[in-house]
Amino acid sequence: MRDNLNILFVDDHPLDVMIEEFELKREGLVFVSRTATNEPELMQALMEFRPDVVLCDYNMPGLSGLHAMQCSRRLRPATPVLMVSGAIAEYTAIECLNRGATDYLLKSNLRRLGPAVRRAVADVLHRQQLEDRIERLTYYDTVTGLPNLASIDQFFGHCVERARVQNCRLALAAFDLDKFRYVDEGIGRQLADQALKDISASLQSISPNPGCVARVGADQFLMVLSDIGTDLQIRPLIDRLLEVIAGPRRLAGRDLRVTASAGVALYPRDGANFETLLCHATAALHEAKDTRPGSFLFYRDDISSRNKKRRQLESDLRHAVESNELCLYYQPQFDIAGGQVCGVEALARWFRVEGKSIAPSVFIPLAERIHLIGALGTWALRNACTTMASWSGDATSAPLCVNVSVHQICAGFTPVIAAALESSGLSPGRLELEITESALLENSGAALKCLRDWKRLGVRLAVDDFGTGYSNLSYLSRLPLDRLKIDRSLIQGLSQDSRVAAVVRTVASLGRELGFTVLAEGVETTDQLRLVKDLGCDQAQGFLLMPPVAAAEARAVLEGRWAAFAQGRQLADVREARRDGLH
Ligand code: C2E
Ligand code: MG
Ligand code: MG
């Protein structure tokens, strides 16, 4: 309740006003008052005095009480009007209430006046608080307190108007936190919210106008930059904003690093309204995210057409996953000393019915981005387990390796693994899940728990593409791993740089020390095969030995004879030998 109320009396009897004032004071109300006896005085008081409550007589010689109430309602709709009059018929009182009076009191019984005014003012205050809350929910983000999309849309309208009049340029910058979904899953909602608050404070701290930053999606922010000069002048500011987002953060004793990508569209060059500029800034953002996450791009016309193609590819991939248009190829792995098959890796392939086939290096990251990797990964796991379980010969003992995306490292994937094993009948010890080194680095704490759960199911675990990240080696020793796969880039570099050989030797010896089997990926030449053997790798996988092939061919190889391989022959010879063996 306000301390000092403004009360407007609309009454032509000064004595009645005095009595009413006395009653209000007796109730303990503190107020200043003003009296209006005709319409001009009433209108002036409504405009200037801004009453919190209007107490209005019903019968006045020059002004009807109902008319006075309507004037007040029109000019100050939120201000309560209490009718205070001599005895009138009940139906008149009801009419007053129907036409908008807050209450009706008789001058002959003013004991109710104080409490009625108090209640009317409290109701208004309560309504205002609710309206403020609704306004906050409609226009502001509840986590960060920043303006939301609706709010920045309105604000941008004003900026455009001003820029048009002053003939200057504006920029709309869209920011998206890279892979924030796993931060959310990895550290939990509360800490992720804390991180978002922290990031929004950083953005505000270096934005030229803190009111121009909005949160418009789970991990998306917008910033309006007004009175900007050339593209060259904006560049350092956006770079600085990305740098600040990517800075080290410490939350609840944990180190957290989040990077962001951004896209910028300019008014009037790239569009004349918020909708078009937002669409173009977002297109530039997606392009930046796809080509170089952590960077930013200005919108250009060709970005839109590429975005269109990308969206088409996204929808084709959705369709491909739903309609089983993908298939699996299999690439055997070999024990270097003995020559026998020591595993087979399932690799997804997308041969489009129309158009060219798409490489996994394109569609796997795409599936991750559009949250389709869960469905794709589940399909790959089930399909591979069922296929392998139906083979015989060497194929009944070699482990089946299935790639697992960083997005699948979550508690929800554990029952999927159990179900795939159960329905295929494949023994858990024959399934090896491959997780890339980078996935482990991004997701350390939560990942460790998942890996332990998976290990409890009896499956094997491998680190894929090892040597591409910067693993903390003591962290590696805490992981329940069985195999370490040295990345192709290191194997390819062996012949060019002697230091690479030193790295491979160290990794191989470290892996063995930790009790893992060490496999060299991407072996393409006999020289490389010889080198990886000399450097201490146990196993090899690569085009030299066998490229990924369709299931039927892989099955024939795994069920056939492989003596020729042990003699170090080339793939063509191996195939020949296999053909000989099979006939
Ligand atoms: P990866 O798991 O490291 O698989 C090995 C990749 O190296 C495969 O590429 C394979 O075809 C290729 N490769 C094997 N030997 C050689 C060689 O001697 N030389 C060269 N240049 N390449 C060789 P691919 O099939 O294109 O797959 C690329 C990546 O896509 C895979 O790398 C894996 O990370 C991912 N991937 C493939 N299938 C799946 C899947 O079902 N789920 C998930 N999450 N990722 C998958
Ligand atoms: Mg792999
Ligand atoms: Mg690999």
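The values are calculated or read from the model by the stated rules, or taken from the named source; none is laboratory data. In this text the structure is predicted, and so the values were computed from the model without any measurement. Note: ideal-geometry Cβ built from the backbone for every residue, glycine included; neighbour counts use all protein chains shown.
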In the stretch 417-459, residues that are within 18 Å of Lys485 (Cα to Cα), β-branched (Val, Ile, Thr) and modelled with pLDDT of 95 or more total 1
For the stretch 345-365, what are the residues that are of a type outside the set (A, V, I, L, M, F, W, C), away from ligand 3 (no atom under 14 Å from the Cβ) and out of contact with any Leu (no Cβ under 7 Å at 6 or more places or on another chain)? Arg352, Glu354, Gly355, Lys356, Ser357, Pro365
Could you say whether any residue in the stretch 523-533 is buried (at least 22 other Cβ atoms within 10 Å of the Cβ) and within 16 Å of ligand 2 (Cβ to nearest atom)? yes
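Based on this model, can you work out whether Ala163 counts as buried (at least 17 other Cβ atoms within 10 Å of the Cβ) and aliphatic (A, V, I, L, M)?
Criteria met by Ala163.
Restricting to the stretch 534-543, and then to whatever is assigned to a loop (DSSP other than H, G, I, E, B) and either polar (S, T, N, Q) or near ligand 1 (Cβ under 10 Å from one of its atoms) (or both), can you tell me which residue is surrounded by the fewest Cβ atoms within 10 Å (Cβ to Cβ)? So that I can check it myself, show each step before the final result.
First pass over the stretch 534-543, keeping only residues assigned to a loop (DSSP other than H, G, I, E, B): 535-538, 541-543.
Checking which are either polar (S, T, N, Q) or near ligand 1 (Cβ under 10 Å from one of its atoms) (or both) leaves us with 541-543.
On the way: Gln541: 25, Gly542: 24, Phe543: 13.
Once the filter is applied, the top-ranked residue is Phe543.
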Residues in the stretch 293-302: is at least one away from ligand 3 (no atom under 16 Å from the Cβ), within 30 Å of Leu232 (Cα to Cα) and among the basic types (Lys, Arg)? yes
Here's a check for you: in the stretch 501-533, which residue that is more than 22 Å from Gln331 (Cα to Cα) and within 16 Å of ligand 1 (Cβ to nearest atom) is modelled with the lowest pLDDT? Val507
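Yes/no per residue for (1) touching a helix residue (DSSP H, G or I) at 6+ places or on another chain (Cβ under 6 Å); (2) in the same structural domain as Ala214 (by TED's automatic domain parsing); (3) surrounded by 19 or more Cβ atoms within 10 Å (Cβ to Cβ); (4) over 18 Å from Leu222 (Cβ atoms):
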{"site": "Ala116", "(1), (2), (3), (4)": "no, no, yes, yes"}
{"site": "His158", "(1), (2), (3), (4)": "no, yes, no, no"}
{"site": "Ala174", "(1), (2), (3), (4)": "yes, yes, yes, no"}
{"site": "Asp193", "(1), (2), (3), (4)": "no, yes, no, yes"}
{"site": "Leu196", "(1), (2), (3), (4)": "no, yes, yes, no"}
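Of all residues in the stretch 356-374, which are polar (S, T, N, Q) and either outside the structural domain of Ser438 (by TED's automatic domain parsing) or within 15 Å of ligand 2 (Cβ to nearest atom) (or both)?
Of all residues in the stretch 356-374, those polar (S, T, N, Q) come to 357, 361.
Passing the criteria: only Ser361.
Determine whether the stretch 81-90 contains at least one residue that is of a type in the set (Asp, Glu) and either modelled with pLDDT of 90 or more or not assigned by TED's automatic domain parsing to the domain that holds His126 (or both).
Kept after step one, since they are of a type in the set (Asp, Glu), are these residues of the stretch 81-90: 90.
This time we only want the ones that are either modelled with pLDDT of 90 or more or not assigned by TED's automatic domain parsing to the domain that holds His126 (or both), so: none.
No: the stretch 81-90 contains no residue that is of a type in the set (Asp, Glu) and either modelled with pLDDT of 90 or more or not assigned by TED's automatic domain parsing to the domain that holds His126 (or both).
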Just to check your reading of the model, which residue among Val143, Val121 is closer than 30 Å to Val216 by Cα, in contact (Cβ under 8 Å) with a residue 24 or more places away in the chain and under 48 Å from the mean Cα position of the chain (by Cα)? Val143
Reported set for the stretch 298-315 where residues are part of a loop (DSSP other than H, G, I, E, B) and either surrounded by fewer than 12 Cβ atoms within 10 Å (Cβ to Cβ) or within 18 Å of the chain's Cα centre (by Cα) (or both) is none
Residue check: is Phe180 surrounded by 21 or more Cβ atoms within 10 Å (Cβ to Cβ) and within 15 Å of the chain's Cα centre (by Cα)? no
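Could you check the stretch 283-297 and list, in sequence order, the residues that are assigned to a helix (DSSP H, G or I) and either surrounded by 23 or more Cβ atoms within 10 Å (Cβ to Cβ) or not hydroxyl-bearing (Ser, Thr, Tyr) (or both)?
Keep residues of the stretch 283-297 that are assigned to a helix (DSSP H, G or I), which gives 283-291.
Correct list: Ala283, Ala284, Leu285, His286, Glu287, Ala288, Lys289, Asp290.
Residues are listed down the side, and each one gets a yes or a no for (1) hydroxyl-bearing (Ser, Thr, Tyr); (2) modelled with pLDDT of 90 or more; (3) within 8 Å of ligand 1 (Cβ to nearest atom); (4) part of a helix (DSSP H, G or I):
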| position | (1), (2), (3), (4) |
| --- | --- |
| Leu317 | no, yes, no, yes |
| Ala320 | no, yes, no, yes |
| Gly339 | no, no, no, no |
| Val344 | no, yes, no, no |
| Glu354 | no, no, no, no |
| Ser361 | yes, yes, yes, yes |
| Ala380 | no, yes, yes, yes |
| Cys385 | no, yes, no, yes |
| Met388 | no, yes, no, yes |
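Across the stretch 94-111, which residue is farthest from Met43 (Cα to Cα) among those that are of a type outside the set (Asp, Glu) and buried (at least 17 other Cβ atoms within 10 Å of the Cβ)? Spell out the reasoning first.
At the first step, the residues of the stretch 94-111 found to be of a type outside the set (Asp, Glu) are 94, 96-102, 104-111.
Then keep just the ones that are buried (at least 17 other Cβ atoms within 10 Å of the Cβ); that gives 96, 101-102, 104-105, 107, 110.
Values: Cys96: 20, Ala101: 18, Thr102: 19, Tyr104: 22, Leu105: 23, Lys107: 24, Leu110: 26 Å.
Only one residue tops the list, namely Leu110.
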List the pairs whose first member sits in the stretch 508-526 and is in contact (Cβ under 8 Å) with a residue 12 or more places away in the chain and under 18 Å from Leu479 (Cβ atoms), whose second member is within 16 Å of ligand 1 (Cβ to nearest atom) and among the small types (Gly, Ala, Ser), and whose Cβ atoms are under 9 Å apart, counting only residues at least 6 apart or on separate chains? Ala508/Ala520; Phe516/Ala462; Thr517/Ala462; Leu519/Gly343; Leu519/Ala462; Leu519/Ala540
Selection count, the stretch 271-307, where residues are in contact (Cβ under 8 Å) with a residue 40 or more places away in the chain and of a type in the set (Gly, Ala, Ser): 5
